[in-house]
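Inspection log for the structure reproduced underneath, given as structure tokens.
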Amino acid sequence: MGLFSKILDKLGLNKKADDAAQAEAMARMAKKEADARAKIKAEADKAAASAVKPAVIARPGTVVAGGEREFGSTNVPAPAPTPVSEVDVVKKLETLASGSGLDWKVSIVDLLKLLDIDSSREARNELATELGCPPEFMKDSAKMNTWLHKTVLKKIAENGGNIPQNLLD
């Protein structure tokens, strides 16, 4: 896991983890639906084997006719997609910063400290490399930190965080 993924995790913005959880939930729902269909089919086969009956409505959308069931729509609506909600990053960071003396709006080091992520020069170099910092900035700590701070805030915003525009300029 890269350092930027850790930042997103700490802020509740890691879409990959959310996507994986959503995919797992969808798979469970699909399995339940398949199990229900198999149970209905088994019941229909059992009923068909025991006697031939005139057509009756077994349940909405399913007809028993001549001992056979017609399978089609289960009349179960597809689950609605979960909307991606914007995380109130500013509120979260302001709460963390309260009384700490750290200024996450200006300093990448303070931002990382608030999130309890390694803020050492080596860690910042790793994060800068991960995010594609220009080589000429990597040689100058102040330039790299400024670039890194702006880039991290921009990427947080791209991943659903509500970073104010004045911090992105």
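The values are calculated or read from the model by the stated rules, or taken from the named source; none is laboratory data. Small disclaimer: the values here were computed from a predicted structure and weren't measured. Cβ: placed from backbone, ideal geometry, glycine included. Neighbour counts: every protein chain shown.
Against the conditions (1) at pLDDT 95 or above; (2) within 23 Å of GLY12 (Cα to Cα), LEU167 satisfies every one except (1).
Residues that are in contact with a Leu (Cβ under 7 Å, 6 or more places away or on another chain), free of Cβ contacts under 8 Å to residues at least 40 places away in the same chain and under 26 Å from GLY12 (Cβ atoms): does region 130-144 have at least one? Yes, region 130-144 contains at least one residue that is in contact with a Leu (Cβ under 7 Å, 6 or more places away or on another chain), free of Cβ contacts under 8 Å to residues at least 40 places away in the same chain and under 26 Å from GLY12 (Cβ atoms). Scanning region 150-163 turns up at least one residue that is farther than 30 Å from ALA30 by Cα, part of a loop (DSSP other than H, G, I, E, B) and not assigned by TED's automatic domain parsing to the domain that holds MET29. Looking only at region 109-142, residues that are over 25 Å from the mean Cα position of the chain (by Cα) and charged (D, E, K, R) come to 7 in all.
The single condition from (1) farther than 17 Å from LEU3 by Cβ; (2) surrounded by 14 or more Cβ atoms within 10 Å (Cβ to Cβ); (3) acidic (Asp, Glu) that ASP110 fails is (1). Scanning region 118-169 for residues that are surrounded by 12 or more Cβ atoms within 10 Å (Cβ to Cβ) and of a type in the set (Gly, Ala, Ser) yields SER119, ALA123, ALA128, SER141, ALA157, GLY160, GLY161.
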